[in-house]
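The values are calculated or read from the model by the stated rules, or taken from the named source; none is laboratory data. Worth saying up front: this structure is predicted, and the values here are computed from it rather than measured. Cβ sites come from the backbone with ideal geometry, for glycine too, and all protein chains shown count toward neighbours. Side chains are part of the model used for accessible areas, which takes the heavy atoms of the whole protein and leaves out ligands, DNA and RNA. Shrake-Rupley method; radii C 1.70, N 1.55, O 1.52, S 1.80 Å.
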Amino acid sequence: MARRTFVGSSLATLVGAGLTGANSALGETQMPSGERLASKPPLVISTWPFGKPPNERTLAVLKGGASGLDAVEQGVRLAEADLTNPSVGLGGIPAANGVVQLDACIMSGPGHKAGSVAAVEGFSHPVSIARRVMEETRHVMLVGEGAARFARERGMQTGPKVTPGQKAAWENWRKAQDKEKKKAPNHDTIALLLLTQSGDLFGACSTSGWGYKTPGRVGDSPIIGGGLYVDNTVGAAGATGIGENVLRYCGSFLVVEFMRQGLSPQDACLATLDRIASLDPKGYDLSINFIAVDKKGRYGAAGTGSGFQYSVACDAYSNILQSPGVTTKPIGPVGGNRL
Ligand code: ASP
């Protein structure tokens, strides 16, 4: 079953028990499972259940004395290195020509710095290329062959252009195109946000994008303000789902702006979905999801439809939670009026 729709039995218990804990301040939070969150950051939040090990890696790297930027990079690298993950890294679903094209970005709240790469082929860790774009150039984003050349010049780790398993699935998909319009499989993204003990925010995002996409297609994930946004004075947000539906609304930027206006992270995610649905001809039928954390250490998430699963870790706590979903029309003017 698709990750997006799967809800395991233990998780179903959490969902059934209510979601209020996920929106409370750290230290006050009583999780539905009975666990308590630690009373202070660091806090890591990421998209999907596969974000749980990267969250834990992020905290461990931070605990080892590394910077927040190192921590989010290392967390996301863990997801990228997992060749069984069909959504992130070189194990991802290829583009329509059978070659995996990766998108990634990274942001540092301190200094408001950003780096990004898109449509990179044959490199294992696009998040690290994005970081080097941020640190070693005067640019924010490199794409395609230019990004690959940049990575090659720095001797960055390479890997297969597609894994044997994904190649076989792609060949089947390609054959099926002739007979019936076979649907491309589901795709996901890791967006990972960190609030450090000192109150600084960092984020990173990585994906292989829409399965069997048109080669050269770029989604929301490497776009600053689309799939990721970090504002060190307010909070950070990240997205997963159909990138086109996030990109057209600067989704993660909007979540942060709603937090700036005083909404909690979860309410900011809901308000963003409301705003987008109010403008989009498809209403809530968009398959988009957001995560967010604010400067106070509160966090939340929300998605269209039945919502989605996301991962949270802090101190001795690490768990997978279900976000609320939205399917009904917002009442009143655009954005945030459901609340
Ligand atoms: N947002 C990603 C993209 O559109 C994919 C996903 O998260 O499902 O490339």
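Summary of computed values
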{"quantity": "The range 223-339, accessible surface, carbon-and-sulfur percent (1.4 angstrom probe)", "calculated": "54"}
{"quantity": "In Å², nearest 10: area of Arg149 left accessible to a 1.4 Å probe", "calculated": "150"}
{"quantity": "Paramagnetic reach from Ala184 in the range 84-105 [backbone N under 15 Å; point 7 Å along Cα→Cβ]", "calculated": "86-89, 92-103"}
{"quantity": "Pair Lys167, His112: separation of 7 Å Cα→Cβ label points (nm)", "calculated": "4.6"}
{"quantity": "Burial order of peptide ranges 236-243, 156-163 (average beta-carbon count within 10 Å, highest first)", "calculated": "236-243, 156-163"}
{"quantity": "Per residue solvent-accessible surface (Å²) - the range 159-282, probe of 1.4 Å", "calculated": "39"}
{"quantity": "Exceeding the 25 Å Cα-Cα cut-off - candidates Lys113/Lys167; Lys113/Lys161; Lys161/Lys183; Lys63/Lys161; Lys213/Lys282", "calculated": "Lys113/Lys167; Lys113/Lys161; Lys63/Lys161"}
{"quantity": "Sites Ala81 and Asp280 - FRET efficiency at Förster radius 51 Å, r taken between beta-carbons, to 0.05", "calculated": "0.90"}
{"quantity": "Simple spin-label estimate for Lys175 and Thr327 in nanometres, 7 Å along Cα-Cβ", "calculated": "3.7"}
